[in-house]
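Following: one structure in structure tokens, then a few remarks.
Values in this text are rule-based calculations from the coordinates and carry no lab data. Predicted model, so just to flag it, every value in this text is computed and none were measured. Cβ sites come from the backbone with ideal geometry, for glycine too, and all protein chains shown count toward neighbours.
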Amino acid sequence: MKFYIHKLGCPKNDVDADYIAARLAADGHEAVRSPEEADSILVNTCGFIQAAKEESVEAMLALGQLKQEGRARRLYATGCLSQRYGDELLREMPELDGAFGHGALDSIAKAVRAEAKLDRAVRREVRQLGYLSWQDRFIYDDYPYAYLKISDGCDRMCTYCAIPAMRGRFRSRPLDSIINEARFLAANGKRELILVSQEATLYGYDLPQQPHIVHLLEALSEIDGIEWLRLMYLYPGKLDDRLIEYM
């Protein structure tokens, strides 16, 4: 079975798509670089702002044409829009064969393997979302850099932002899990790691030993082959002297 993942949204969504691809590849499916080559097409959607929602819907409609023309057999939605509106997408878009929320890797793999058509979205309530420990990641390119996700979700219930409704509460990723993935990326030619999160400055506060973000940076800097670290999504209110001095 050949599959294609259409990536939309932020770098965190890109990383999630790489995890999905790795799970499908582990089942023996082949990743292809264009939707025209695929048996199953997955759209990893974004739902952050209205323009992103519209872009996701337009992508699903456009890629659905390949299915109607008989050039693809299945079309699935994953990602943030699917997490929040999966059932609505299935009702309103007959092109879709399934909708999956965050972390539903096994369910996605099962659907692709069986070429299943689902009438209900597969997702957890956001309050039940955990943080997946790293298992494997699919690498599509030979770029010298890669995004590395260090946490997920957000505790700031800003009225203008839907992230908590799609990603859940803030959850730091265990340090060992991050280091293992970073070593994997370095072994596959990545020299620069770009750390992404909803709020990187909060990293570790919710873990048992409450490691500081500097602990993570120090551990990453010791990995052979890693020459450059970048931090994204730093919020000024949580910047402290320790991080400023380290940087």
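Side notes on the structure shown:
- Full extension of the segment from Ser221 to Glu54, taken as 0.36 nm per residue of separation minus the current Cα-Cα distance, would add 56.1 nm.
- Calculated FRET efficiency for the pair Glu125/Glu69, C-beta based, R₀ 41 Å, to 0.05: 0.65
- Once the Cα atoms are used to define both axes, helix 50-68 deviates from the longest principal axis of the chain by about 40 degrees.
- Charged side chains reduced to their Cβ positions (Lys and Arg at +1, Asp and Glu at -1) give the stretch 2-124 a dipole of some 320 debye around its Cα centre.
- Here the spin labels are modelled as points 7 Å beyond Cα on the Cα-Cβ line, and at Met1 and Asn188 they lie 2.1 nm apart.
- Positive-pole candidate from Ala21, Val32, Gly70, dipole of the stretch 2-124, charges at beta carbon: Ala21
- DSSP loop chymotrypsin sites (Phe, Trp or Tyr not before Pro) with at most 14 other Cβ within 10 Å: longest gap in the chain: 1-139
- Hits among lysines - C-alpha to C-alpha of Lys53 under 19 Å, sequence gap 8 or more where chains match: Lys7, Lys12
- Average Cα contact separation per residue, the chain, under 8 Å, 6 or more apart, as relative contact order %: 15 percent
- Test item: Cα-centred dipole of the chain, Lys/Arg +1 and Asp/Glu -1 on Cβ, debye: 580 debye
- Listed by chain and number, the lysines whose C-alpha is less than 20 Å from the C-alpha of Lys110, apart from same-chain residues fewer than 8 away, are Lys2, Lys67.
- Loop exposure criterion: trypsin sites (Lys or Arg not before Pro), DSSP state outside H, G, I, E and B, at most 11 other Cβ atoms within 10 Å. Applied to the chain, the longest stretch between such sites is 121-247.
- The chain: angle of helix 11-26 to the longest principal axis, Cα-based, in degrees nearest 10: 60 degrees
- C-alpha center-to-center spacing [the stretch 1-50, the stretch 198-222] in angstrom: 29 Å
- Contact order, relative form, for the stretch 128-246: 27 percent (alpha carbon pairs under 8 Å, 6 or more residues apart, mean separation divided by residue count).
- A run of the chain free of exposed loop cleavage sites, with GluC sites (Glu not before Pro) counted only in DSSP states other than H, G, I, E and B and at most 15 other beta carbons within 10 Å, reaches its longest extent at 126-221.
- Taking a ≥ b ≥ c as the square roots of the eigenvalues of the alpha carbon gyration tensor, the stretch 2-124 is rounded, as a/c is under 1.5.
- Difference of contour (0.36 nm per residue) and Cα-Cα distance, Asp141 to Asn180: 12.1 nm
- Helix-only mean residue ellipticity at 222 nm for the chain, each DSSP H run of n ≥ 4 adding -39500 (n - 2.57), per residue, nearest 500: -11500 deg cm²/dmol
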